[in-house]
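Working notes, beginning with the structure itself.
The values are calculated or read from the model by the stated rules, or taken from the named source; none is laboratory data. None of the values given here were measured: they were computed from a predicted structure. Neighbour counts run over all protein chains shown; Cβ positions are idealised from the backbone, glycine included. Ligands, DNA and RNA are stripped out before the accessible areas are found, and what is left, the full protein with its side chains, is counted by its heavy atoms. Shrake-Rupley method; radii C 1.70, N 1.55, O 1.52, S 1.80 Å.
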Number of protein chains: 2
Amino acid sequence: MKPDDARTVYDGKLIDVTVERWGEHEREIVEHPGAVAVVAVDREGALWLVRQLREPARRQLVEIPAGTREPGEDPLDTAKRELREECGLTGGEWSELGAFWTTPGFCREYMHLYLAEGVIAGEAEPDDDEDVEIVRWPVGELESRLDELEDAKTLAGVLLFLHR
Amino acid sequence: MKPDDARTVYDGKLIDVTVERWGEHEREIVEHPGAVAVVAVDREGALWLVRQLREPARRQLVEIPAGTREPGEDPLDTAKRELREECGLTGGEWSELGAFWTTPGFCREYMHLYLAEGVIAGEAEPDDDEDVEIVRWPVGELESRLDELEDAKTLAGVLLFLHR
């Protein structure tokens, strides 16, 4: 399926907006190169989370590590790179937990979700504009702490992990 | 927490984009009035889903019923209105399953997720530009059909429902 016509109406730094014409109607679509997120569990049985300011929420949120794909980058490579840079984690056994559209009504972001079990702690290399605090939750506490999670990919990831 | 400055850089039909300055850095943010989604289960024990073309995905997706809040509208009222309009469902016992940011890195969409149990089928009143097919899945099949779900709110909603 393809639109009859598409034009860029906003060309931003991180975000572009396209208007597509599909037959009789038009759709505004936020363009996005795709993303990855990782449910990372270390050898002590703790899930690694990041707490950071999320400007759209105007406060800090606790989320699983995630990042945006570079053009042409394999999503598994993105996931391993993000986990190393954000959390300093390497190694582990990797598998795919799922894949989904984050907001398919108006945004082209497709997210691959991975499980990395037995990851090994090292040195993080955060981006300059990322002020990220690492949080570790024992896997046994996840069930009772779901109501502390206010991010869709984190809820989906933690619940899919608990459901394996 | 508040930005030091904010300016609108794209004023669209459904989507606006704001650039906020927070100290030394700027953030592009997709503005959104907030949304609701409903895990609706009828008296026969079936979950109601909608299948529709999602232009950003360029194909049809199966999702729980959802909609955008009108300015000032209580989210529970939005949820009941959307469920009646999209699916023709009324009645039922309502409770809140959760609430989350759908993509907190770049978008201000906050979503309230409800559970409506024992809803009653009636006549739907879809919008003119909505070509929506209703799909009913027995609750007992949800566990084995999670891999058919490719929408974050639907995964989170169905998994939270299975986890109650």
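What to note about this one:
- Projected label distance in nm at residue B:43 and residue A:81, using a 7 Å step from Cα toward the beta-carbon: 5.6 nm
- The mean number of partner chain beta-carbon atoms within 10 angstrom of a residue's beta-carbon across peptide B:56-68 is 4.
- When the other protein chains are added to the chain by itself, burial of at least 10 square angstrom of heavy-atom accessible area (probe 1.4 Å, ligands and nucleic acids ignored) affects these residues of region B:134-151: B:143, B:146, B:150, B:151.
- Cα Rg, Dmax, chain A, angstrom units: 17.2, 56
- Region A:64-164, accessible surface, carbon-and-sulfur percent (1.4 angstrom probe): 44 percent
- Sites residue B:125 and residue B:2 - FRET efficiency at Förster radius 51 Å, r taken between beta-carbons, to 0.05: 0.80
- Using a 7 Å Cα-to-Cβ projection, residue A:5 label spacings across copies, nm, ascending: 3.7
- Here is the interface size for A with B: some 5000 Å² of accessible area buried, both sides summed, with a 1.4 Å probe.
- FRET efficiency for residue B:144 and residue A:148, using Cβ-Cβ distance with R0 set to 45 Å, rounded to 0.05: 0.95
- Converting phi to 3J(HN,Hα) with the Karplus coefficients 6.51, -1.76 and 1.60 and the offset θ = phi - 60°, region B:40-56 yields 10, 10, 8, 6, 8, x, 10, 7, 9, 10, 10, 10, 8, 5, 10, 4, x Hz in sequence order, with x at every glycine or proline.
- GluC sites (Glu not before Pro) restricted to region A:76-164 and DSSP loop, no more than 15 other C-beta within 10 Å: A:123, A:130
- Note on region B:74-124: Cα Rg divided by 2.2 N^0.38 Å, N the number of residues, gives 1.29.
- Rounded to the nearest 10 square angstrom, residue A:1 shows an accessible area of 130 square angstrom against a 1.4 Å probe.
- Simple spin-label estimate for residue B:133 and residue B:53 in nanometres, 7 Å along Cα-Cβ: 1.3 nm
- Position residue A:139, label points 7 Å along Cα→Cβ, spacing to each other copy in nm (shortest first, one decimal): 2.9
- Remark: region B:1-121 carries 42 Å² of accessible area per residue (probe radius 1.4 Å; ligands, DNA and RNA excluded).
- Nm distances between copies for residue B:96, ranked from closest, using label points 7 Å along Cα→Cβ: 3.6
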